[in-house]
Structures are given as structure tokens and as C-alpha cells.
1. Note the full-extension length gain between Asp38 and Asp55 as 0.36 nm times their separation in residues minus their Cα-Cα distance, in nm to one decimal.
2. Considering amide H positions built from the backbone, and no H for Pro or chain starts, which residues 5 or more places from Phe176, or on another chain, come under 5 Å of its amide H?
3. Under the 0.36 nm per residue contour assumption, what length would be gained going from the current alpha-carbon distance of Asn162 and Glu188 to full extension?
4. Counting alpha carbon pairs within less than 8 Å and at least 6 residues apart, what relative contact order, in whole percent, applies to the range 7-83?
5. Using a 1.4 Å probe, how large is the accessible area of Leu37, given in Å² and rounded to the nearest 10?
6. Taking H as built 1.01 Å from N, whose amide H comes closer than 5 Å to the amide H of Ile171, not counting residues under 5 places away?
7. I want to check the label-to-label distance for Arg108 and Lys179. Put each point 7 Å from Cα in the C-beta direction and report it in nm to one decimal.
8. With label points built 7 Å along Cα→Cβ from the Cα atoms of Asn170 and Gln81, find their separation and express it in nm.
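The values are calculated or read from the model by the stated rules, or taken from the named source; none is laboratory data. Note that the coordinates shown come from a computational prediction; the quantities given were computed from them, not determined experimentally. Note: ideal-geometry Cβ built from the backbone for every residue, glycine included; neighbour counts use all protein chains shown. Areas reflect the complete protein model, heavy atoms only, side chains present, ligands, DNA and RNA absent. Shrake-Rupley method; radii C 1.70, N 1.55, O 1.52, S 1.80 Å.
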Amino acid sequence: MALVLLSDESGDNGLSFSKGSSHFKVVCSILLDDNKLDLILNRVANIYKTSFLCDIKKWSLLHKKARKPNNLYSFLDSYEQLSVDELCLPNVLVIDKHLYSNPDSVNRATVEAYEVIYKRLLPFIRSTSYLTHYEVPRDLIWYIDVASDRDFINNLRNRVLNYANAKRCNIAGPNFIIKPKYLKIGYEKKLSTLISFVDVLAGISAKYMETFYLYCLPKDPLCSNSNYPCGKKPTMTRTLDLTAVLNPTVRTI
């Protein structure tokens with residue numbers, strides 16, 4: 001059976017930070033075994049009901065009260081257990097938009113982020129395939145939320161397919177998948193519903209980075225390097241308290 005990669009993002013390409021543009025763009029994905037799709041979907045539904053008291057929905061549709069720090073802690077803790085139990089593997093890349101000069105360059109960085117996600121996963125796919133006695137790496141089906149801005153989809157698909165062919169790994173996609181409400185009950189509706197879950201993971205990551213940058217770091221652009229690719233290393237005089245990050249009314253120094 002195939003592996004399924006579901007991906008989504010949070011943030012925009014704009015650089016007008018004073019007018020509401022996000023400081024970061026977050027690209028997020030989960031990798032799962034399609035044999036466990038129903039099991040994972042049920043677990044995710046329970047996580048939502050326990051953490052947010054609602055059905056599965058996107059980050060933007062969650063009520064403000066549902067985004068309280070304790071609820072987000074509960075959500076992430078439950079997902080961590082799910083990722084261990086069912087190998088529902090997460091992957092998050094954060095793009096610091098302060099390092100780019102125009103929206104087009106942010107868009108190109110987003111293409112590269114999706115490509116990096118696949119390149120990160122391929123060694124894992126190959127090793128687990130061999131360990132489970134598959135003669136070649138297992139097929140991968142990749143889905144992206146159709147609601148997102150994807151003018152670059154053809155470029156991304158070509159770059160990923162070239163890399164996959166060189167590594168002898170079959171990949172279908174990236175393919176668009178429409179919102180769950182437009183789909184009848186079936187395989188794609190389940191996948192589309194889980195993309196809403198990925199969107200929440202991306203939203204939480206974006207909230208963390210935005211608040212960390214605005215409240216916990218000096219006001220200079222974040223660096224990008226091998227040790228701290230998602231932000232500047234905190235100085236010795238500052239400590240990061242996740243409660244402060246998830247609740248911007250609290251600041252720790």
C-alpha cells in the first residue's frame with residue numbers, strides 16, 4: 001500500500017508587516033500510511049473534541065476561545081502520542097520573510113520549502129520500505145489544499161518528480177484536493193478532512209513564531225543557519241516560556 005503526504009501552509013507572501021502581513025510563512029505536512037487512514041482520522045477527531053470541543057476544522061475557523069494556550073498544549077500533546085502510536089510523521093518548515101526583498105522571492109522560497117519536505121522524507125521512506133521487506137521504496141501520494149495559492153504547482157511537481165526518479169521512488173502529485181464539504185463520503189473526503197488538521201498544526205507553528213519574534217526576541221531580522229533554521233538563537237539573558245509565546249499578554253525576560 002502507498003504512503004500519503006498531506007501538506008498545507010500558514011501565512012502569505014506579502015512584506016507589508018505594518019499592514020498585517022505575517023512575519024513568517026509556515027509549510028507543514030504529515031506523512032501517514034493509507035492503511036491506517038480511518039484509524040488516524042478517528043484519533044484526530046477525538047483530539048479535536050478533547051482539546052477544542054469541536055469537530056475537525058481549519059485553524060482560521062477555530063473560535064478564539066479554542067486557541068487558548070492550555071487547549072493548544074493539549075492538542076500538541078495528543079498529536080505527539082498519535083505520531084508515536086501510528087507513525088503519523090510531522091514536518092514543519094518556517095520561512096522568515098524578513099530575509100526576502102519581494103513577494104515573488106517569498107513565493108520561490110515556498111516552492112523550495114515544499115521540495116525540502118519531500119527530500120527530508122525520502123530517506124525515511126526508503127529505509128522503512130526496506131526494513132518492511134519492500135523491494136523498492138513504497139509509492140507516495142501527495143495532496144495539497146486547493147484553497148492555497150499554488151501558481152508554482154507545475155514547477156514544484158517537475159522538481160520533485162525529477163528528484164524522485166533519480167532516487168527510484170514513485171510519487172503521484174503534488175495534487176490539489178478540494179474542501180471536505182464539496183466531497184461525498186469516500187477516500188478523498190477523508191484526506192481533505194485531515195488537511196484541515198495539518199492546517200491547524202501550521203497555524204499553531206505560525207502563532208508560536210509570530211509571538212516569539214514579536215515578544216521574546218530583539219527587533220532585528222532573524223538569522224537562517226544550520227543550527228537554528230527557524231529563528232535566531234535566544235541570548236543568554238532571555239528565556240523562552242511557551243505559555244508566553246502562546247499568550248502574547250505574557251512576556252518573559
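1. On the way: separation 17, 0.36 × 17 = 6.12 nm, distance 1.55 nm.
Taking Asp38 through Asp55 to full extension adds about 4.6 nm, to one decimal.
2. Close amide H contacts, sequence-distant or interchain: Ile144.
3. On the way: separation 26, 0.36 × 26 = 9.36 nm, distance 2.59 nm.
Length gained, Asn162 through Glu188: 6.8 nm.
4. On the way: 55 pairs, mean separation 16.4, N = 77.
Over the range 7-83, the number comes to 21 percent.
5. Leu37 has an accessible surface of roughly 10 Å² with all protein chains in place.
6. Residues meeting the criterion, in which the H sits 1.01 Å from N, are Leu140.
7. 3.3
8. According to this spin-label approximation, the distance is 3.7 nm.
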